[in-house]
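To keep things clear, I will list the structure first and then write my remarks on it.
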Amino acid sequence: MKALTKKNLLILGAILLTFTVVQGLISVGIINKFYEITIAMICINIILAVSLNLVTGFTGQFSLGHAGFMSIGAYFGAVINLQMESTGGFLLGIFAGALAATLVGILIGIPTLRLKGDYLAIATLGMAEIIRVVFLNLDITNGAAGLSGIPRYTNWLWLCFFTVATVLLINNFIKSSYGRACISIREDEIAAESMGINTTKYKVMAFAIGAFFAGIAGALHSSYFYFIRPDIFGFLKSIDILIIVVLGGMGSITGSILAAILLAVLTTYLQAFTAVRMIIYALLLVVIMIFRPQGIMGTKEISDLFKSKKKDERIG
Amino acid sequence: MPLLSVDKLTKSFGGLTAVSNVTMNIEKGELVGIIGPNGAGKTTLFNLFTGVYTPTSGSIKLDSDGEVKELGGLKPYNVTKAGLARTFQNIRLFKDLTVLDNVRIAMHQNIQYKLPSAFFRFNKFYNEEESLREEAIKLLDIFHLSHKKNELAKNLPYGEQRHLEIARALATKPAILLLDEPAAGMNPNETANLTETIEWIRQEFKLTILLIEHDMSLVMKICERIYVLDYGMMIASGKPAEIRANKKVIEAYLGEDVSNA
Ligand SMILES: Nc1ncnc2c1ncn2[C@@H]1O[C@H](COP(=O)(O)OP(=O)(O)OP(=O)(O)O)[C@@H](O)[C@H]1O
Ligand SMILES: [Mg+2]
């Protein structure tokens with residue numbers, strides 16, 4: 001197993017430690033229900049932001065419809081979990097939701113990803129709206145009232161598991177030849193095509209993978225917050241996710257993680273100041289974008305900051 | 001049958017016929033030059049060969065091991081798969097990526113490991129990435145670029161960027177290499193170096209090379225045959241000595257000194 005490098009073992013250790021410490025703090029009640037919500041928000045937002053970053057930051061396809069894929073996961077998860085109230089049902093709901101989102105991603109990606117820039121943004125926005133309207137009008141989703149009483153199976157264990165899995169898998173993808181193909185599209189589409197990259201195929205691939213993980217995030221969301229309505233997954237939710245990606249840095253996974261944590265913590269602390277909350281939040285974004293338009297991390301990862309410049313980067 | 005047979009190829013942009021009724025045959029292993037004044041349609045010809053443009057009429061046939069393939073109208077990545085690789089007149093490197101990544105991206109079309117290996121890093125992934133890397137560095141070595149493999153492409157000096165573009169094109173493992181003004185912007189010294197490199201890679205990779213160039217010293221020195229385009233039309237073809245003496249060519253260049261080059 002070549003994957004068992006010192007670095008990977010170190011990462012694994014850090015993950016296990018984080019999991020155990022947080023689990024411990026939850027058990028003894030130091031992390032109370034209120035902070036638990038923040039943690040859930042952070043994990044779900046990391047999954048959403050990292051998966052959108054693959055599409056927008058790495059492949060260069062500006063999408064304003066990520067919440068649409070999230071809602072597919074959320075409704076599939078909820079409907080299945082309401083029928084099958086068990087961990088099995090919960091997991092089945094997650095995977096069914098993720099697969100359904102992937103399928104929709106492929107179907108919608110093939111026609112829309114031929115568009116560029118603003119046009120693509122508007123097309124993806126429209127797609128998410130259509131998904132929302134479908135859920136608004138179906139019986140099984142209970143229309144505008146939404147679904148409630150969804151059993152809660154999302155806990156720290158599953159949040160941690162799916163967040164880590166998402167980050168690892170997307171990171172592995174990006175650092176593979178397939179990921180480099182996606183990045184080449186962002187860099188120069190004509191050059192990429194001329195170097196043998198089927199750009200449409202890899203755009204759709206990135207879009208589908210992004211949709212898959214957004215679906216997982218949606219299912220985790222519905223099983224944590226008991227109830228869902230179509231308008232939770234509207235345009236504003238897509239913008240929220242995009243803000244995390246832009247703030248963290250388009251093309252930086254660790255940037256998305258940092259930004260997801262930063263914004264969740266900020267939202268939690270600003271809860272006490274309801275009136276000025278949105279103003280402070282918006283001002284902060286404006287200030288960061290003025291002084292650091294490339295986002296917190298730019299296209300760099302945290303590990304790059306510790307790398308001596310001379311040292312050769314290992315395989316990947 | 002020639003390796004590449006171009007028959008009555010035409011490309012119009014609205015009222016402008018950029019390439020008009022061009023017929024040419026390239027034999028395997030040849031090094032052929034394409035010259036002509038500015039706006040003659042040389043780059044357009046390459047864009048037609050490589051699928052960037054769809055021909056208005058005519059055909060481009062590639063003989064790959066006895067199997068004849070029509071290239072006209074194929075997507076660029078399918079043309080590349082069929083065995084044509086190119087460089088661009090206005091360098092189109094992946095500027096914000098490393099020198100190594102520029103080459104590795106061009107190797108993607110031949111990658112063997114599948115998506116699951118990429119996601120889960122099975123041993124296949126590590127093995128192939130390792131050999132990919134070694135192969136890329138070998139290619140960079142030819143152009144004396146391997147020590148700069150981790151630099152961003154945009155930070156290379158101009159001449160090295162041109163070299164990197166050739167290395168990247170070679171990474172697709174082409175049968176035919178199309179070079180669009182590879183010596184543009186180079187000083188005589190760099191051009192001489194480039195000339196040597198082109199001849200060397202031609203031998204080493206058993207390439208057929210098509211070369212657009214304004215630098216007559218380079219063209220006359222290494223090309224076995226030359227085609228001359230003017231206003232989209234083929235006005236002459238032949239050995240360098242014949243082209244030098246051709247009246248039409250001299251006229252097309254309007255006093256530009258072809259004969260003494
Ligand atoms: N996409 C396009 N749309 C319209 N006209 C075009 C297009 N591409 C090329 N042309 C025109 O076709 C003609 C041939 O251009 P081309 O770039 O092939 O010339 P060239 O021989 O490569 O010239 P140069 O030596 O300056 O590179 C020019 O008049 C150019 O303006
Ligand atoms: Mg040209």
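The values are calculated or read from the model by the stated rules, or taken from the named source; none is laboratory data. Remember, it's a predicted structure, so these values are computed and weren't measured experimentally. With ideal geometry, Cβ positions are generated from the backbone for all residues, glycine too; neighbour counts draw on all protein chains shown.
A few points about this structure:
- Residue match in segment B:118-128 (condition: in contact (Cβ under 8 Å) with a residue 60 or more places away in the chain and within 8 Å of chain A (Cβ to nearest Cβ)): no
- Residues being in a strand (DSSP E or B), within 16 Å of ligand 2 (Cβ to nearest atom) and not hydrophobic (A, V, I, L, M, F, W, C) - total across segment B:222-237: 2
- Here the condition is being in contact (Cβ under 8 Å) with a residue 12 or more places away in the chain and within 7 Å of another protein chain (Cβ to nearest Cβ); of B:Leu84, B:Leu97, B:Leu115, it holds for B:Leu97 alone.
- Residue check for A:Ser222: within 13 Å of chain B (Cβ to nearest Cβ), of a type in the set (Ser, Thr, Tyr) and buried (at least 24 other Cβ atoms within 10 Å of the Cβ): no
- Some residue of segment B:15-36 being at positive phi and within 16 Å of ligand 2 (Cβ to nearest atom): yes
- Looking only at residues in segment B:133-178 that are of a type in the set (Ser, Thr, Tyr) and within 13 Å of chain A (Cβ to nearest Cβ), the one that is nearest to B:Phe205 (Cα to Cα) is B:Thr172.
So that you can scan it fast, the table gives a plain yes or no per residue for (1) among the small types (Gly, Ala, Ser); (2) buried (at least 19 other Cβ atoms within 10 Å of the Cβ):
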site: B:Gly72; (1), (2): yes, yes
site: B:Arg104; (1), (2): no, yes
site: B:Asn123; (1), (2): no, no
site: B:Asn127; (1), (2): no, no
site: B:Ser131; (1), (2): yes, no
site: B:Glu135; (1), (2): no, no
site: B:Ala169; (1), (2): yes, yes
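- The helices (runs of 4 or more DSSP H) found entirely in segment A:1-116 that carry 3 or more residues being aromatic (Phe, Trp, Tyr) are A:66-83.
- Scanning segment B:37-55 for residues that are near ligand 2 (Cβ under 9 Å from one of its atoms) and touching an Asp or Glu at 6+ places or on another chain (Cβ under 7 Å), we see that the one that is nearest to B:Gly238 (Cα to Cα) is B:Ala40.
- For A:Ile15, the conditions (1) modelled with pLDDT of 95 or more; (2) within 30 Å of A:Phe306 (Cα to Cα) all hold with the exception of (1).
- The residues on offer are A:Ile253, A:Ile241, and the sole one that is among the β-branched types (Val, Ile, Thr) and closer than 24 Å to A:Tyr153 by Cβ is A:Ile241.
- Unique match (being out of contact with any Phe, Trp or Tyr (no Cβ under 7 Å at 6 or more places or on another chain), of a type in the set (A, V, I, L, M) and within 14 Å of chain B (Cβ to nearest Cβ)) among A:Leu103, A:Leu168, A:Leu92: A:Leu168
- Extreme residue, modelled with the highest pLDDT, among residues of segment A:261-306 that are among the β-branched types (Val, Ile, Thr) and under 20 Å from A:Asn171 (Cβ atoms): A:Ile261
- Qualifying residue in segment A:131-138 (condition: assigned to a helix (DSSP H, G or I), in contact with an Asp or Glu (Cβ under 9 Å, 6 or more places away or on another chain) and away from chain B (no Cβ under 14 Å)): yes
- Residue match in segment B:68-75 (condition: under 23 Å from B:Gln89 (Cα atoms), touching a strand residue (DSSP E or B) at 6+ places or on another chain (Cβ under 6 Å), more than 14 Å from chain A (Cβ to nearest Cβ) and within 16 Å of ligand 2 (Cβ to nearest atom)): no
- A single member of A:Met70, A:Met41 is closer than 20 Å to A:Ile108 by Cβ and touching a helix residue (DSSP H, G or I) at 6+ places or on another chain (Cβ under 6 Å), and it is A:Met70.
- Verdict on B:Asn110 being within 16 Å of ligand 2 (Cβ to nearest atom) and either in contact (Cβ under 8 Å) with a residue 40 or more places away in the chain or under 30 Å from B:Ile226 (Cα atoms) (or both): no
- Hits in segment A:129-143 - residues which are on the phi > 0 side of the Ramachandran plot and either in contact with a Ser or Thr (Cβ under 7 Å, 6 or more places away or on another chain) or modelled with pLDDT under 85 (or both): A:Gly143
- Among (1) assigned to a helix (DSSP H, G or I); (2) away from ligand 1 (no atom under 14 Å from the Cβ); (3) of a type outside the set (Phe, Trp, Tyr), the one test that B:Val219 misses: (2)
- Those strands (runs of 3 or more DSSP E) of segment B:36-120 in which 1 or more residues are within 16 Å of ligand 1 (Cβ to nearest atom), under 17 Å from the mean Cα position of the chain (by Cα) and at pLDDT 95 or above occupy B:57-64, B:84-86.
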